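Peer 1: Please find one structure pasted underneath; my questions will follow.
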Amino acid sequence: MDINKLFEDIKVSEWVGDKNVNIASIAADSRKVQKDSLFVAVRGVNIDGHQFINQVIEAGASVVVCEAVPDNRPSNVLFVVVENSAIALGQLASNWYGRPSENLKLVGITGTNGKTTTVTLLHRMATQLGYKAGLLSTVRNIIGTQEVEATQTTPDPLQMHRLIAEMVKIGCDYCFMEVSSHAAHQHRIAGLKFAGAIFSNLTQDHLDYHKTFADYRDAKKMFFDGLTADAFALVNVDDKNGRVMLQNCAAHKYTYALQTMADFRCKVVESSFEGMQLEIDGTDVWTRFVGNFNAYNLLAVYSASILLGFKKDEVLTVLSSLGAVDGRFQCLRSKSGKTAIVDYAHTPDAIENVLKTIKNVIDNQHNIITVTGAGGNRDKGKRPIMADIATQLSNRVILTSDNPRNERPDDIIADMKAGVKPEFNNRVLCITDRTEAIRTACMLAQSGDVILVAGKGHETYQEVNGVKHHFDDREVINKIFNEE
C-alpha cells in the first residue's frame, strides 16, 4: 500500500527517513515482524514496544511507528513519529484493511454485566431477520456462518480490523461486538467507525487494572466520547452512570429502563424458570429468559434493533423465539427434580442478580445451594463481597476454585471466606476441587432445590499456573445428574 494512503487521516508529528519504502505487513508484536514489515511500537501496560525497535530492524522492518526516535537510527528505515502509537495502530489497521467498519453497521456494547448476552442476541436477531452479520464476543467470534475462537473480550486492533474486513468481504450488513474497559482505555477500538453504542450497567470489576471505580467508569465513557454525530448512543438510565456516558457525547442519545422514564420501557409481568412475560413499549411478549437482568438485556436488544431500523412486530416475534446464551443462566434438570443453573456471574452485582432471580421464582420451601469462586490475579477487592452476598442469599454456599491462574486456590478461597459474616459461617463449606464442590452441592440438594454454579459459565477450561485444563461446569453437572 502507498505510504501516504496508509497514513491518510493519521496525525504524524515527524517523518524521519526516506518515504519511498515497501510495506508487506503491519505488526505490533516484535515476534511477528518480517522483511518489509511496518512495526508499531506501542507502550503497553507491562511492555513498551520501543524496547524492541533494534530487534525489529534486525528482523527486516522497513518502517517503525513510534513516539520517540532512537538515537542510533539506521538510514534505511523510515521512522514515523506520532503522539500516541496505540491510537495510530488502530488507525493504520483500519486503513490497511480498507476501513472495513465504514462498510457495515458496527454496534458495540460496554458495561460490567450483560455484554455477551446482548451482542449474541443482537447477532441472532439480525440473522433471523435475514441479514448477514458478524459477532465479536467473549464466547465466540462469528463471520457469517464461520466460527472463530475468541481469546479475549475485545481483540487486538489488527485482528479486529482483519475480522471485520472478512465480514465485509462476505457481505455482512452488521457486526455486533463487546467493548471492554481495557480495550477502550488501551485504544484498541481506535480506527473503528461505530453506528451505535450501548451501555448496560456499571458495578465493581477490574479494579486490579483501573485502580478506582471512577477510572473504570471513565474508561467506559471513552467509548461514547469517540462516537460521531451520525451514530446512536443507547444507555440504561436505571444505572446512574448511564447519564454520565451521554455527557459531551456527539451521537443521537436514547435511553432504556425498567424503573424510570426512558425512550424504551419494559415491565416484567410474570416469571418462572421456563421464561418470563414482558411488556415492552406497551406490547406483551413471552420470552425464554429469566430475571430482571435479562429483562434489561432483552430491552437493550429490542431498543437497538428499533434504532437500526428493524420493524417492531418482527423484532418482538424474534425476541420471543430466542434462547439462552451459553453459560448465562443456563438451566439443567435432574431426573429427581433438582435444578442446576450455570452462570458466568463473577462480580458482586452479577451474583446478587442471579440469586435474587432464583429466590423470586422458587418458594421458601426449597433451598438454594451456591457453588462459587473467584479468578486469580484479578480484582481481589470483590472476593469477600461476592462471598458475603452469596451467603446472605443462599441456604448453603460452597467456596471453591475458579481459574486460580498464578495464585494458590486456597488463598483465593480464604480471601472470599473473610467476607462471610459470623452468623452465616455455618452455611459455608470450602472445597478446593471444583468437581468435588459441584458433586457435594448436588448431594446436598433435594427435589425442588436449586444449585447455582457461578463464575465460569461458558468456559470449557480451568486455568492453573498458565496452563488451561479442560473443565466444563455443565459436563460435570450432567454427569452427576445422570448417575442419580
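Peer 1: For segment 371-395: of the residues being of a type in the set (A, V, I, L, M, F, W, C) and assigned to a helix (DSSP H, G or I), which is farthest from the chain's Cα centre (by Cα)? Before the answer, list the steps.
Peer 2: Initially, segment 371-395 is screened for residues of a type in the set (A, V, I, L, M, F, W, C), giving 371, 374, 385-387, 389-390, 393.
Filter again for assigned to a helix (DSSP H, G or I), leaving 385-387, 389-390, 393.
Working: 385: 22, 386: 20, 387: 23, 389: 23, 390: 23, 393: 26 Å.
Going through the qualifying residues, I end up with 393.
Peer 1: Which residue, of 253, 221, is among the basic types (Lys, Arg) and over 19 Å from the mean Cα position of the chain (by Cα)?
Peer 2: Working: 221 fails: over 19 Å from the mean Cα position of the chain (by Cα).
Exactly one of 253, 221 is among the basic types (Lys, Arg) and over 19 Å from the mean Cα position of the chain (by Cα), namely 253.
Peer 1: Filter segment 358-380 down to the residues that are farther than 18 Å from residue 456 by Cβ and in contact with a helix residue (DSSP H, G or I) (Cβ under 7 Å, 6 or more places away or on another chain), then identify the one that is modelled with the highest pLDDT.
Peer 2: Applying the filter and picking the extreme gives 368.
Peer 1: With crowded, with 23+ Cβ neighbours inside 10 Å, among the β-branched types (Val, Ile, Thr) and assigned to a strand (DSSP E or B) as the only criterion, which of 398, 412, 438 stands out? Break it down stepwise before answering.
Peer 2: Values: 412 fails: assigned to a strand (DSSP E or B); 438 fails: assigned to a strand (DSSP E or B).
Just one listed residue meets the conditions, 398.
Peer 1: Of the residues 288, 328, which single one is open to solvent by 50 Å² or more (accessible area, probe 1.4 Å) and in contact (Cβ under 8 Å) with a residue 24 or more places away in the chain?
Peer 2: On the way: 328 fails: open to solvent by 50 Å² or more (accessible area, probe 1.4 Å).
Just one listed residue meets the conditions, 288.
Peer 1: Can you pull out the residues in segment 222-242 that are under 23 Å from residue 259 (Cα atoms) and among the charged types (D, E, K, R)?
Peer 2: Our first condition is that a residue be under 23 Å from residue 259 (Cα atoms); within segment 222-242, this holds for 232-242.
Listed by number, the residues that qualify are 238, 239, 240.
Peer 1: Can you give me the ranges of the strands (runs of 3 or more DSSP E) entirely in segment 115-180 with at least 1 residues that are buried (at least 18 other Cβ atoms within 10 Å of the Cβ) and not small (Gly, Ala, Ser)? Spell out the reasoning first.
Peer 2: Details: elements: 133-136, 140-143, 146-149, 174-178.
In segment 115-180, 133-136, 140-143, 174-178 are the strands (runs of 3 or more DSSP E) which contain 1 or more residues that are buried (at least 18 other Cβ atoms within 10 Å of the Cβ) and not small (Gly, Ala, Ser).
Peer 1: Sticking with this structure for a sec: What residue, of 10, 87, 26, 57, is part of a loop (DSSP other than H, G, I, E, B) and either out of contact with any Asp or Glu (no Cβ under 6 Å at 6 or more places or on another chain) or over 22 Å from residue 183 (Cβ atoms) (or both)? Give the derivation first.
Peer 2: On the way: 87 fails: part of a loop (DSSP other than H, G, I, E, B); 26 fails: part of a loop (DSSP other than H, G, I, E, B); 57 fails: part of a loop (DSSP other than H, G, I, E, B).
From the options 10, 87, 26, 57, the qualifying one is 10.
Peer 1: List pairs: first residue in segment 176-201 and of a type in the set (Lys, Arg), second residue modelled with pLDDT under 90 and crowded, with 24+ Cβ neighbours inside 10 Å anywhere in the structure, Cβ distance under 8 angstrom, at least six positions apart or on different chains.
Peer 2: Qualifying pairs under 8 Å: 188/154.
Peer 1: Here's a check for you: in segment 250-275, which residue that is part of a loop (DSSP other than H, G, I, E, B), open to solvent by 10 Å² or more (accessible area, probe 1.4 Å) and of a type in the set (A, V, I, L, M, F, W, C) is farthest from residue 322 (Cα to Cα)?
Peer 2: Going residue by residue through segment 250-275, those that are part of a loop (DSSP other than H, G, I, E, B) are 250-251, 258-263, 273-274.
Going one step further and asking which of them are open to solvent by 10 Å² or more (accessible area, probe 1.4 Å), we end up with 250, 258-263, 273-274.
Cutting the leftovers down to of a type in the set (A, V, I, L, M, F, W, C) gives us 250, 258, 261-262, 273.
Details: 250: 33, 258: 20, 261: 27, 262: 24, 273: 15 Å.
Checking each candidate, the answer is 250.
Peer 1: Pick out the one residue from 94, 101, 75 that is in contact with a Pro (Cβ under 9 Å, 6 or more places away or on another chain) and either assigned to a loop (DSSP other than H, G, I, E, B) or of a type in the set (Ser, Thr, Tyr) (or both).
Peer 2: Details: 101 fails: in contact with a Pro (Cβ under 9 Å, 6 or more places away or on another chain); 75 fails: in contact with a Pro (Cβ under 9 Å, 6 or more places away or on another chain).
That would be 94, the only listed residue that is in contact with a Pro (Cβ under 9 Å, 6 or more places away or on another chain) and either assigned to a loop (DSSP other than H, G, I, E, B) or of a type in the set (Ser, Thr, Tyr) (or both).
Peer 1: Go through (1) at pLDDT below 95; (2) out of contact with any strand residue (DSSP E or B) (no Cβ under 8 Å at 6 or more places or on another chain); (3) open to solvent by 60 Å² or more (accessible area, probe 1.4 Å) for residue 458 and report which single condition fails.
Peer 2: (3)
Peer 1: Which residues, counting only those in segment 32-56, are surrounded by 16 or more Cβ atoms within 10 Å (Cβ to Cβ), of a type in the set (Val, Ile, Thr) and more than 16 Å from residue 90 (Cα to Cα)?
Peer 2: 33, 53, 56
Yes/no per residue for (1) part of a loop (DSSP other than H, G, I, E, B); (2) modelled with pLDDT under 95; (3) among the aromatic types (Phe, Trp, Tyr); (4) under 19 Å from residue 238 (Cβ atoms):
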| position | (1), (2), (3), (4) |
| --- | --- |
| 297 | no, no, no, yes |
| 301 | no, no, no, yes |
| 309 | yes, no, no, no |
| 315 | no, no, no, no |
| 331 | no, yes, no, no |
| 350 | no, yes, no, yes |
| 356 | no, yes, no, yes |
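Peer 1: Oh, and also: For a quick check of your reading of the model, give me the residue pairs whose first member lies in segment 67-91 and is farther than 17 Å from residue 18 by Cα and in contact (Cβ under 8 Å) with a residue 40 or more places away in the chain, whose second is of a type in the set (D, E, K, R) and buried (at least 18 other Cβ atoms within 10 Å of the Cβ), with beta-carbon atoms closer than 8 Å and at least 6 apart or on different chains.
Peer 2: What qualifies is 83/67; 84/67; 85/67; 86/188; 90/188.
Peer 1: Now for a separate question. What about residue 416, is it closer than 21 Å to residue 350 by Cβ, among the hydrophobic types (A, V, I, L, M, F, W, C) and at pLDDT 95 or above?
Peer 2: Values: closer than 21 Å to residue 350 by Cβ: yes; among the hydrophobic types (A, V, I, L, M, F, W, C): yes; at pLDDT 95 or above: yes.
Answer is yes for this residue.
The values are calculated or read from the model by the stated rules, or taken from the named source; none is laboratory data. Owing to the predicted nature of the structure, the values given are computational and were not obtained by experimental measurement. Cβ atoms come from the backbone with ideal geometry, glycine included; neighbour counts cover every protein chain shown. Accessible surface areas use protein heavy atoms only, side chains included; no ligands, DNA or RNA. Shrake-Rupley method; radii C 1.70, N 1.55, O 1.52, S 1.80 Å.
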